[in-house]
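Participant: Below you'll find the structure I mean.
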Ligand SMILES: NC(=O)c1ccc[n+]([C@@H]2O[C@H](COP(=O)([O-])OP(=O)(O)OC[C@H]3O[C@@H](n4cnc5c(N)ncnc54)[C@H](OP(=O)(O)O)[C@@H]3O)[C@@H](O)[C@H]2O)c1
């Protein structure tokens with residue numbers, strides 16, 4: 001079946017076969033963990049050039065005992081769903097082969113998130129398969145759920161963009177921000193965002209103890225956020241001393257007065273029925289606002305907000321696990337919807353508490 005013609009009403013009891021391209025990486029490892037525990041998926045293939053013939057359990061210690069062996073990504077098996085967890089540029093080069101191998105392709109990279117070739121010229125280094133851009137569905141399921149059933153190409157949203165969009169979405173949807181021109185977003189991220197390769201900036205001695213502005217301006221995820229909301233955002237990203245997590249603090253300056261009641265209504269209306277969204281806003285105790293530690297390892301997104309009337313400001317907090325709600329979890333969530341599976345299948349588990357640094 002060709003890309004874009006996937007069946008949408010898969011029998012919930014049916015077993016679907018899956019491939020993970022880039023299975024030895026961080027998000028690939030998370031995909032393997034999630035698919036391993038998923039009631040509807042059987043992992044048929046996991047690829048890695050560096051670890052070819054090693055078992056997935058040998059590379060990912062949390063999967064110890066799992067004996068599927070990594071294989072060459074050049075030789076694709078025919079499966080129902082192919083997840084690509086590869087660096088930017090790989091999927092756009094191989095999308096013909098990926099869509100030949102699977103009816104549904106879920107890409108975790110940035111290769112199909114933006115709508116036009118012009119955006120890729122502006123924010124990346126262009127695009128080698130622009131004909132696929134109009135076929136892909138940008139997947140934050142909370143934003144695009146209705147577009148997912150039956151789609152053949154899913155582009156899972158970027159981690160920092162996901163944290164920001166989930167935080168700000170209810171404000172834009174409720175029109176509390178009509179006429180607003182200024183949104184400032186500051187995101188703190190953990191080291192796993194850099195992938196298993198990491199590089200010098202992610203090595204333990206360099207990373208330990210830091211609060212380092214690594215993308216003061218011009219972060220590529222700005223493009224996704226602006227595409228979603230249609231206004232420009234001032235976006236800065238800090239690398240901080242944690243492994244998992246993206247925490248977005250958004251400063252919003254509405255044109256007119258906004259009450260706390262209106263804020264609660266906006267967030268409740270958007271997220272009351274969302275299985276993975278939770279509101280943490282004030283109250284008592286230690287965890288009064290969203291924190292990555294509270295959702296580490298899960299597909300939850302926590303959002304919270306406060307009013308600052310003296311400065312005519314709304315401040316919004318949003319926390320996700322970059323490798324879950326910000327990539328692998330989001331990818332599985334979107335695939336569940338696209339394939340007509342139970343939406344929360346394989347993802348309905350809580351995190352740990354108390355727990356060490358995520
Ligand atoms: N890390 C995050 O928090 C995060 C969040 C959201 C989105 N993403 C996106 O998800 C993708 C994967 O990120 P990651 O952090 O998991 O990266 P990673 O840890 O560096 O893993 C990359 C994987 O891709 C494989 N790979 C590299 N080049 C390849 C090629 N040319 N053909 C086939 N396989 C190739 C690697 O294995 P071999 O080299 O052994 O083949 C490895 O398994 C990236 O596009 C990233 O931007 C990451």
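The values are calculated or read from the model by the stated rules, or taken from the named source; none is laboratory data. Remember, it's a predicted structure, so these values are computed and weren't measured experimentally. Cβ coordinates were reconstructed from backbone atoms using ideal geometry, including for glycine residues, and neighbour counts include every protein chain displayed.
Every residue, every condition in (1) modelled with pLDDT of 95 or more; (2) within 16 Å of the ligand (Cβ to nearest atom); (3) closer than 16 Å to residue 330 by Cα; (4) outside any loop (DSSP other than H, G, I, E, B), yes or no:
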{"site": "9", "(1), (2), (3), (4)": "no, no, no, no"}
{"site": "32", "(1), (2), (3), (4)": "yes, yes, yes, yes"}
{"site": "38", "(1), (2), (3), (4)": "yes, no, yes, no"}
{"site": "53", "(1), (2), (3), (4)": "yes, yes, no, no"}
{"site": "67", "(1), (2), (3), (4)": "yes, no, no, no"}
{"site": "76", "(1), (2), (3), (4)": "yes, yes, no, no"}
{"site": "82", "(1), (2), (3), (4)": "yes, yes, yes, yes"}
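Participant: Before we move on, is residue 93 more than 27 Å from residue 229 (Cβ to Cβ), loosely packed, with under 14 Cβ neighbours inside 10 Å, modelled with pLDDT of 95 or more and in contact with a strand residue (DSSP E or B) (Cβ under 9 Å, 6 or more places away or on another chain)?
Facilitator: no
Participant: I would also like to ask the following. Considering only segment 259-313, state which residues are assigned to a loop (DSSP other than H, G, I, E, B), crowded, with 18+ Cβ neighbours inside 10 Å and in contact with a helix residue (DSSP H, G or I) (Cβ under 9 Å, 6 or more places away or on another chain).
Facilitator: Selection gives 276, 280, 281, 290, 296, 297, 298, 299, 300.
Participant: From the list 94, 113, which one is within 16 Å of the ligand (Cβ to nearest atom) and in a loop (DSSP other than H, G, I, E, B)?
Facilitator: 113
Participant: Report yes if residue 139 is more than 9 Å from the ligand (Cβ to nearest atom), under 12 Å from residue 331 (Cα atoms) and within 13 Å of the chain's Cα centre (by Cα), otherwise no.
Facilitator: yes
Participant: Quickly run through segment 113-143 and pick out the residues that are under 20 Å from residue 82 (Cβ atoms) and free of Cβ contacts under 8 Å to residues at least 12 places away in the same chain.
Facilitator: 131 - this is the single residue of segment 113-143 that is under 20 Å from residue 82 (Cβ atoms) and free of Cβ contacts under 8 Å to residues at least 12 places away in the same chain.
Participant: Would you call residue 332 in contact with a helix residue (DSSP H, G or I) (Cβ under 6 Å, 6 or more places away or on another chain), at pLDDT 95 or above, closer than 21 Å to residue 144 by Cβ and part of a strand (DSSP E or B)?
Facilitator: Here the answer is no, as residue 332 does not meet what is asked.
Participant: Continuing with this model, one more query. Given the conditions (1) over 23 Å from residue 295 (Cβ atoms); (2) more than 16 Å from the ligand (Cβ to nearest atom), which single one is not true for residue 210?
Facilitator: The single condition residue 210 does not satisfy is (1).
Participant: Select from segment 15-30 the residues that are away from the ligand (no atom under 16 Å from the Cβ) and in a loop (DSSP other than H, G, I, E, B) and list them in ascending order.
Facilitator: 15
Participant: Further, regarding this structure: Does residue 208 satisfy being assigned by TED's automatic domain parsing to the domain that holds residue 272, within 24 Å of residue 109 (Cα to Cα) and either free of Cβ contacts under 8 Å to residues at least 40 places away in the same chain or surrounded by 17 or more Cβ atoms within 10 Å (Cβ to Cβ) (or both)?
Facilitator: no
Participant: Just for segment 99-110: of the residues that are surrounded by fewer than 24 Cβ atoms within 10 Å (Cβ to Cβ) and not in a strand (DSSP E or B), which one is nearest to the ligand (Cβ to nearest atom)?
Facilitator: So, considering only residues that are surrounded by fewer than 24 Cβ atoms within 10 Å (Cβ to Cβ) and not in a strand (DSSP E or B), the one nearest to the ligand (Cβ to nearest atom) is 109.
Participant: If residue 151 passes every condition in (1) assigned to a loop (DSSP other than H, G, I, E, B); (2) in contact (Cβ under 8 Å) with a residue 24 or more places away in the chain; (3) within 27 Å of residue 279 (Cβ to Cβ); (4) away from the ligand (no atom under 14 Å from the Cβ) but one, which one does it miss?
Facilitator: In the conditions (1) assigned to a loop (DSSP other than H, G, I, E, B); (2) in contact (Cβ under 8 Å) with a residue 24 or more places away in the chain; (3) within 27 Å of residue 279 (Cβ to Cβ); (4) away from the ligand (no atom under 14 Å from the Cβ), residue 151 misses (3) alone.
Participant: Can you say whether residue 356 is away from the ligand (no atom under 16 Å from the Cβ), more than 16 Å from residue 16 (Cβ to Cβ) and surrounded by fewer than 17 Cβ atoms within 10 Å (Cβ to Cβ), as far as the supplied structure shows?
Facilitator: Criteria met by residue 356.
Participant: Read through the list (1) under 19 Å from residue 216 (Cβ atoms); (2) in contact with a helix residue (DSSP H, G or I) (Cβ under 6 Å, 6 or more places away or on another chain); (3) assigned to a helix (DSSP H, G or I); (4) more than 10 Å from the ligand (Cβ to nearest atom), then give the number of the only condition that residue 185 fails.
Facilitator: (3) is the only condition that residue 185 fails.
Participant: Please work out if residue 42 is outside the structural domain of residue 192 (by TED's automatic domain parsing) and either within 19 Å of the chain's Cα centre (by Cα) or assigned to a loop (DSSP other than H, G, I, E, B) (or both).
Facilitator: Criteria not met by residue 42.
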